[in-house]
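Only one structure is covered here, and it is reproduced in the block below.
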Amino acid sequence: MTRSGGGGHGQAQPLTAEAPLVAIVDDDASVRRSTSRLIRSFGYRAEAFASGEEFLTSPLAGQSACLVLDVRMPDMDGLDVQRLVTGRHLDIPVVFISGRASDDEDRRARSAGAIDFLRKPIATATLLEVLRKVLQGGDVHENDA
């Protein structure tokens, strides 16, 4: 099955069980749906979770090749999720997304190993570039300041 990249996203890749799994954790259902659709259009598998706890208790946590993580969520924020992922020795690159994050949250996320910190609304080309670098092993720290 091939998903259309549409809108100039580049060539769509076949969506197979072997495609890397990108986990999305965001408390906003519309963001989860739209981000999942977009990631699938890039040819990757996507699984969305409404909370950090839901992700961390899922068997898919250990199968995820990348974690797209909102910073500000109720109960357990994205920085807590990142800390727990690291503490459990899950080797998952983390890409933060946020519409309301502070510079301090950006700095803390990056100092704890986040690959990138993207501000909503996120340009499609930017997300695609970051995911390609993460999932294909390229240099992903070029945006560090």
### Task
Check segment 43-50 and report whether any residue there is modelled with pLDDT of 95 or more and surrounded by fewer than 17 Cβ atoms within 10 Å (Cβ to Cβ).
yes
## Note on the structure
Within segment 62-87, the residues that are assigned to a helix (DSSP H, G or I) and either free of Cβ contacts under 8 Å to residues at least 40 places away in the same chain or under 14 Å from residue 26 (Cα atoms) (or both) are 62, 78, 79, 80, 81, 82, 83, 84, 85, 86, 87
### Query
What are the residues in segment 28-42 that are farther than 17 Å from residue 129 by Cα, of a type outside the set (A, V, I, L, M) and crowded, with 18+ Cβ neighbours inside 10 Å, if any?
32
### Failed criterion for residue 5 (all others in (1) at pLDDT 95 or above; (2) touching a Ser or Thr at 6+ places or on another chain (Cβ under 6 Å) hold)
(1)
### Query
Do you know which of the residues in segment 101-136 that are of a type outside the set (Gly, Ala, Ser) and part of a loop (DSSP other than H, G, I, E, B) is modelled with the highest pLDDT?
115
### Task
Might you let me know whether segment 115-122 holds any residue that is farther than 18 Å from residue 27 by Cα and basic (Lys, Arg)?
no
### Message
With the structure loaded, tell me whether residue 91 is out of contact with any Asp or Glu (no Cβ under 6 Å at 6 or more places or on another chain) and more than 22 Å from residue 132 (Cα to Cα) or whether it fails that test.
### Response
no
## Note on the structure
Counting only residues in segment 89-116 that are of a type outside the set (Gly, Ala, Ser) and free of Cβ contacts under 8 Å to residues at least 24 places away in the same chain, the one nearest to residue 42 (Cα to Cα) is identified as 91
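Does residue 131 fit the bill of being out of contact with any strand residue (DSSP E or B) (no Cβ under 6 Å at 6 or more places or on another chain), of a type outside the set (Val, Ile, Thr), crowded, with 19+ Cβ neighbours inside 10 Å and over 23 Å from residue 54 (Cα atoms)?
no
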### Task
Hey, can you tell me all the residues within segment 94-106 that are charged (D, E, K, R) and either surrounded by 21 or more Cβ atoms within 10 Å (Cβ to Cβ) or under 21 Å from residue 133 (Cα atoms) (or both)?
106
### Task
Take residue 36 and decide whether it is out of contact with any Ser or Thr (no Cβ under 6 Å at 6 or more places or on another chain), over 24 Å from residue 112 (Cα atoms), at pLDDT 95 or above and hydroxyl-bearing (Ser, Thr, Tyr).
yes
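The values are calculated or read from the model by the stated rules, or taken from the named source; none is laboratory data. Given the structure is predicted, the values throughout are model-derived calculations rather than measurements. A quick note on method: Cβ atoms are made from the backbone with ideal geometry, for glycine too, and the neighbour counts reach across all protein chains shown.
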